[in-house]
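Submitted below is the structure of interest, expressed as structure tokens.
The values are calculated or read from the model by the stated rules, or taken from the named source; none is laboratory data. As the structure is a prediction and not an experimental result, all values here were calculated from the model. Virtual Cβ from ideal backbone geometry, glycine too; neighbours counted across all protein chains shown.
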Amino acid sequence: MKKIIDFNANGKLLLTGEYLVLEGANALALPVRFGQQIHIEETSSRVLEWESSDTSGTWFKAVYDPDRLLINSADRKKTAAGLQKVLLAARKLNPGFLKGPCGWNVHVTANYPLEWGLGSSSTLCSLIASWADVPVFELFHLLSTGSGYDIACAGRKGLIFYRLNKGRPEISPARPGKALRENTWFAYLGNKQDSAMEVSRFLERQNYSKIDMVEISRLSSAICNAESPEDLIKFADEHEFILSTILQRDPIAKRFPSFPGTVKSLGAWGGDFAMFISGLKSDVVVKHLFKLGLSHVFSYNDLAIKA
């Protein structure tokens, strides 16, 4: 009987601690209900056939020689090479991965448009680690210089605090306060950011102090625990001020001067999503965001994974 395997991985949003999480600051991260699933079927032919799709349909197909993990054919060469790199790294950790007499038909499906970001690379890394039966953080560190918070989110369902302690991840569950649950909205900005490039720029500049690290860690807890929208706005603005000084960039709120509250960057600044905070009713806020041209808007509970 042919073997069939399925794995799931959750996407993510980094709510606090962007950039400084790389240096050990405590960060707040939200696993989201948008993610990817991998479906694997053994076949009798000795090839690895790969297909990837999202809500728009199939966007990538490739065929690999599983013995040497060479690309036999692909409709997107750059994507095929990137996937090849992940597969080779997985084999480095598990030399028996993709060995044997059979072949595989693999289909990876995202339940959202991939241009939204939300950790499409980290979810793929997590799925392949599960398939190859290798430690996911070891595989991640063969491929990336990131903090790994997105890898932590891929296998979890609730809000987490994440920090690196001497390079090792420390992950603990976080309980969102009333303001985070009821007074935040997340909107896709229509602007895909190259996170790896942004991380490299930050690491090159090293433009931060120990006080910045302490303050960002404090604000991560404060933002998580805030009970009123006024407090959450205050803490988010403090967080934005510190990061804008470090990055020498304007806070994102300047792009939305008419918004009745404040706006906080998420992840790589200027990237896929931003967090909007307001004390107004949800229908009023959503209507205002639509007028700003933001059509993909989610409340905290829209994104959080249901228990």
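In the set A62, A29, which member is modelled with pLDDT of 95 or more, in a strand (DSSP E or B) and within 17 Å of C153 (Cα to Cα)?
Within the list A62, A29, the selection yields A29.
Yes/no matrix, rows are residues, columns are (1) of a type in the set (A, V, I, L, M); (2) without any contact (Cβ under 8 Å) to a residue 60 or more places away in the chain; (3) closer than 20 Å to I305 by Cβ:
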residue	(1), (2), (3)
F34	no, no, yes
K77	no, yes, no
A110	yes, no, yes
S122	no, no, yes
W131	no, no, no
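In segment 240-260, what count of residues is obtained for those that are closer than 14 Å to I223 by Cβ and buried (at least 16 other Cβ atoms within 10 Å of the Cβ)?
Here the count works out to 3.
Collect the residues in segment 74-102 that are at pLDDT 95 or above and either touching a Pro at 6+ places or on another chain (Cβ under 6 Å) or small (G, A, S) (or both), keeping them in residue-number order.
A74, A80, A81, G82, A89, A90, G96, L98
Residues in segment 18-62 that are touching a helix residue (DSSP H, G or I) at 6+ places or on another chain (Cβ under 9 Å) and under 30 Å from S299 (Cβ atoms): how many?
So the answer is 24.
Within segment 100-135, count every residue that is assigned to a loop (DSSP other than H, G, I, E, B), within 19 Å of I4 (Cβ to Cβ) and in contact with an Asp or Glu (Cβ under 8 Å, 6 or more places away or on another chain).
Counting residues in segment 100-135 that are assigned to a loop (DSSP other than H, G, I, E, B), within 19 Å of I4 (Cβ to Cβ) and in contact with an Asp or Glu (Cβ under 8 Å, 6 or more places away or on another chain) gives 1.
Follow-up. Can you work out which of the residues in segment 254-298 that are without any contact (Cβ under 8 Å) to a residue 60 or more places away in the chain and of a type in the set (V, I, T) is nearest to F34 (Cα to Cα)?
V263
Within the group L159, L139, L143, L118, which residue is among the aliphatic types (A, V, I, L, M), over 18 Å from S217 (Cα atoms) and in contact with a strand residue (DSSP E or B) (Cβ under 6 Å, 6 or more places away or on another chain)?
L118
If you go through segment 250-265 one residue at a time, how many are in a strand (DSSP E or B) and either charged (D, E, K, R) or more than 21 Å from the chain's Cα centre (by Cα) (or both)? Before you say what the answer is, go through the steps one by one.
To start, the set of residues in segment 250-265 that are in a strand (DSSP E or B) comprises 262-265.
Restricting the remaining residues to those that are either charged (D, E, K, R) or more than 21 Å from the chain's Cα centre (by Cα) (or both) gives 262, 264.
Qualifying residue count for the region: 2.
Could you check how many residues of segment 136-183 are in a loop (DSSP other than H, G, I, E, B) and not aliphatic (A, V, I, L, M)?
Of the residues in that region, 15 qualify.
Within segment 287-307, can you find the residues that are in a helix (DSSP H, G or I) and surrounded by 18 or more Cβ atoms within 10 Å (Cβ to Cβ)?
H288, L289, Y300, L303 - these are the residues of segment 287-307 that are in a helix (DSSP H, G or I) and surrounded by 18 or more Cβ atoms within 10 Å (Cβ to Cβ).
I'd like to verify a number: residues in segment 209-229 that are of a type in the set (D, E, K, R), assigned to a helix (DSSP H, G or I) and more than 24 Å from the chain's Cα centre (by Cα), how many? Spell out the reasoning first.
Step one: of segment 209-229, the residues of a type in the set (D, E, K, R) are 210, 212, 215, 218, 227.
Subsequent filtering for residues that are assigned to a helix (DSSP H, G or I) retains 210, 212, 215, 218.
Now narrow it down to the ones that are more than 24 Å from the chain's Cα centre (by Cα): 210.
Here the count works out to 1.
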